[in-house]
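Only the coordinates and a few stated rules stand behind these numbers; no lab work does. Because the structure is predicted, anything quoted here is derived from the model rather than measured. Note that each Cβ is placed from the backbone with ideal geometry, even for glycine, and that neighbours are counted across all protein chains shown.
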Amino acid sequence: MNKIVPVVAVDGPSGVGKGTLCQALANHLKWHLLDSGAIYRVLALSALEKNIALDDENQLANLALNLPLTFDSNDIEVKVMLSGVDVTKHIRNEATGGAASKVAALNKVRVALLQRQRDFRQAPGLIADGRDMGSVVFSDAPVKIFLDASAQSRAERRMKQLQHKQKHVKFAGILQEITERDERDRNRAIAPLKPAVDALIIDTTSLSIQDVFEQSITYINKKLCCKSVYSVSKPSSITRMSGVSSITP
């Protein structure tokens, strides 16, 4: 791991706007972007396709070590590829997200994927989006941010997102899924979801993406002492908290 390359670690539960913020920061700073959640989602998807039980730690760890995962990026989008097949849309459904939360709780799986995530640390810098980026994967990151929001507001965001895709969903079901996932993520024995001790905590419940972006850039400037380089400006293409993000290696 190249510790000279700066990392901005952004952690938090699902639906707080991590993906939207990280994409905006990466575009603004022209840094690399890691969505660690997508890696766990691809692993979960592969396990489901291979009928591997989501509590079979040894098989899942072996699958993680040999996961045929690649990222195909261009100026417009980033495609997540599994064995050469585009699975970008498939890994974003609720079932895969729930499965990813289960496999992410397994120690051997996290160990197997640790170096793969650290390999994204390349010049000029990395924006790392996840749940343990600042506390575990990049514990030496000079900038750590933890986003949080009420379960109610996160469920509302997710419902609007799904309705925009013309999917019929019930709010109670979404809220329950978010609550259950929070319970798993915050209380797992290995790398539980929690702010790093030196992280800036931002509650996004009542904030716009512009508010969160400006707070984050201001904090990055302060920590990296680069105000003349990383000025605050409105993201040109991202205007709302969506919880969806992408990966560019």
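For the range 74-157, evaluate the Debye formula with one uniform point scatterer on each Cα (no solvent term) and list log10 I(q)/I(0) at q = 0.11, 0.23 Å⁻¹, rounded to two decimals. Results for the range 74-157 at q = 0.11, 0.23 Å⁻¹ read -0.42, -1.43. Ranked by the mean number of other Cβ atoms within 10 Å of their residues, highest first, the peptides 48-54, 120-126 come out as 120-126, 48-54.
The distance linking the range 132-150 with the range 1-73 is 14 Å (Cα centroid to Cα centroid, whole angstrom). In terms of distances greater than 21 angstrom between alpha carbons, the cross-link table entries LYS3/LYS223; LYS89/LYS194; LYS144/LYS194; LYS50/LYS165 yield LYS89/LYS194; LYS50/LYS165.
The relative contact order of the range 32-123, computed from alpha carbon pairs under 8 Å that lie at least 6 residues apart in sequence, is 38 percent. For PHE146, the amide hydrogen comes within under 5 Å of the amide hydrogens of ASP11, LEU200, ILE201, ILE202, counting only partners 5 or more places away or on other chains and with H modelled in the peptide plane.
In the chain, the alpha-carbon atoms span a convex hull of 121 Å³ per residue.
Placing a label point 7 Å from the Cα of GLU156 along the Cα-to-Cβ direction, the residues of the range 197-226 whose backbone N falls under 15 Å of that point are 204-209. Taking a ≥ b ≥ c as the square roots of the eigenvalues of the Cα gyration tensor, the range 1-123 is classed as prolate, since a/c reaches at least 1.5 and a/b is larger than b/c. Think of the range 32-123 as having a plus end and a minus end, set by charges on the Cβ of Lys, Arg, Asp and Glu; of SER36, VAL78, THR96, SER36 sits farthest toward the positive end of this dipole. Computed packing ranks the peptides 10-23, 198-211, 157-170 as 10-23, 198-211, 157-170, most packed first, by mean other Cβ atoms within 10 Å. Highest average first, the peptides 176-184, 25-33 ordered by how many other beta carbon atoms sit within 10 Å of their residues are 25-33, 176-184. The phi-based Karplus calculation (6.51 cos²θ - 1.76 cosθ + 1.60; θ = phi - 60°) puts the 3J(HN,Hα) values of the range 89-97 at 6, 5, 7, 9, 7, 5, 5, 5, x Hz, whole numbers, x for Gly and Pro.
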